[in-house]
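Asks: Questions regarding the structure given below will be posed in turn.
The values are calculated or read from the model by the stated rules, or taken from the named source; none is laboratory data. Owing to the predicted nature of the structure, the values given are computational and were not obtained by experimental measurement. Neighbour counts run over all protein chains shown; Cβ positions are idealised from the backbone, glycine included.
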Amino acid sequence: MTYEKKKYPLNCFTCKNDFFGRERTQKTCSQDCRNKRNIFLTGRSSNKSIPTGTVGAISEMSVAMFLMDKGYAVFRALSPACICDLVVIKDEKILRLEVRTGYEDEKGKITFPSSDKDKGRQDFFAINIRSKNKIRFFTHDKREVSEI
């Protein structure tokens, strides 16, 4: 006796095509559609053709341009081992920034990588949300600040 698993008629979240899924909760018809849905939900793009170091450099340059447009003098670290990525100066205020590439989900929650070793090395995290063309600033305990 062979056991055939039931298949459920569903509609793909991404491409809107009808398909038969193995689970009632299945949202997509294929791995490609699943990847597209994950990018939609999290903002994370998995473009393997761009090295992670280049993605980081793009984020640093994006934050630098954003801050220069706001009137800051911006200085970028030459060594990847520096304590911060950018030093910014405006009026009498000098700040150390660590730039990270962040992601925003469909509910507006922003996530970015950080660790305990980050504490004390910089004044703020500058988060570049590439998928939404946004720059946001956070404290070490991941509280968003409206301006630096």
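Asks: Filter the range 83-113 for residues that are aliphatic (A, V, I, L, M) and either surrounded by fewer than 17 Cβ atoms within 10 Å (Cβ to Cβ) or under 20 Å from the mean Cα position of the chain (by Cα) (or both) and give the result.
Replies: Our first condition is that a residue be aliphatic (A, V, I, L, M); within the range 83-113, this holds for 83, 86-89, 94-95, 97, 99, 110.
Result: I83, L86, I89, I94, L97, V99, I110.
Asks: R76 fails exactly one of the following numbered conditions: (1) at pLDDT below 90; (2) farther than 12 Å from R130 by Cβ. What is the number of that condition?
Replies: The number of the failed condition is (1).
Asks: Let me ask something else about it. Name the residue, out of S49, S45, S62, that is closer than 14 Å to F125 by Cα and either modelled with pLDDT under 90 or surrounded by 14 or more Cβ atoms within 10 Å (Cβ to Cβ) (or both).
Replies: None of the others qualify; the one that does is S62.
Asks: Give the residue, chosen from D32, D116, that is in the same structural domain as D18 (by TED's automatic domain parsing), at negative phi and loosely packed, with under 12 Cβ neighbours inside 10 Å.
Replies: Values: D116 fails: in the same structural domain as D18 (by TED's automatic domain parsing).
Residue meeting the stated conditions: D32.
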